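The values are calculated or read from the model by the stated rules, or taken from the named source; none is laboratory data. Everything numeric here is computed off the predicted structure, so don't read it as measured data. With ideal geometry, Cβ positions are generated from the backbone for all residues, glycine too; neighbour counts draw on all protein chains shown.
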Amino acid sequence: MATVLPINEEEKMSIIAGLRSRVPATKLVTLKKIADIADLRPESLQYLEMTDKRSMNEIIQSIEKICNMEQDEVIKREALISLEKVKKALGTKFNMELPLCNNCNQAIDLGWKYCTNCGSKIADMVFENVERCDNCKNYISESWIYCAHCSNLLKEEIETHPTCPKCKRSVDPSWMVCPYCGHRLKRVKP
């Protein structure tokens, strides 16, 4: 059984502070640390994304900012490498952008009713390219099949992700073995 070694609070704050640093060497070391975590402990980034989307979003946005605004080509290249490794570690989860609170500019989840930072009501906010539920008029995510607020059926789609033939749960196409039941999904080619 594999053990997830989560990124602790101290390590997370060190990463965020390192990405914000004006000292080039600190930024470079932090980017290398993130790349190492993505390579050696990708489950740690996945766990952070599940438990603290706000911090994960801040880390990703900081890396993207370095990619776009950094003058030093070595740091810029390292940021691009780190960003690609984080994308790979997070898989499809990375594609989901979190909306920002209209009041305090902090990341929010469309399933919430209020911003956890300032308490603003999310239903009263305005977001571009974000749809509302026809039934309750709350914001909804395009990936939802049912509204998280009122359980209204949003689309008749059946999951397009591959499923395990044994336990019928969704699996990632790159997995060799189902993590839920242990069924072999692919054979290793000699």
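Of note:
- Where helices (runs of 4 or more DSSP H) fall entirely within segment 1-93, those with at least 2 residues that are without any contact (Cβ under 8 Å) to a residue 24 or more places away in the chain are at 9-20, 24-40, 53-69, 73-90.
- Counted residues, segment 121-140 - those being surrounded by 16 or more Cβ atoms within 10 Å (Cβ to Cβ) and not hydrophobic (A, V, I, L, M, F, W, C): 2
- Restricting attention to segment 106-144 and to residues that are over 17 Å from the mean Cα position of the chain (by Cα) and of a type in the set (V, I, T), the residue that is nearest to E49 (Cα to Cα) turns out to be T116.
- Which numbered condition S143 fails, given (1) polar (S, T, N, Q); (2) modelled with pLDDT under 90; (3) surrounded by 13 or more Cβ atoms within 10 Å (Cβ to Cβ): (3)
- Filtered residues of segment 55-92 (kept if within 9 Å of the chain's Cα centre (by Cα) and either of a type in the set (G, A, S) or more than 24 Å from P173 (Cβ to Cβ) (or both)): N57, G91
- Taken over segment 73-90, the criterion of being modelled with pLDDT under 90 and either in contact with a strand residue (DSSP E or B) (Cβ under 6 Å, 6 or more places away or on another chain) or of a type in the set (K, R) (or both) is satisfied by K87, K88.
- Of note, S151 satisfies the criterion of being over 18 Å from the mean Cα position of the chain (by Cα), among the hydroxyl-bearing types (S, T, Y) and at pLDDT 85 or above.
- Residues located in segment 9-58, provided they are exposed (fewer than 11 other Cβ atoms within 10 Å of the Cβ) and not aliphatic (A, V, I, L, M): E9, E10, R22
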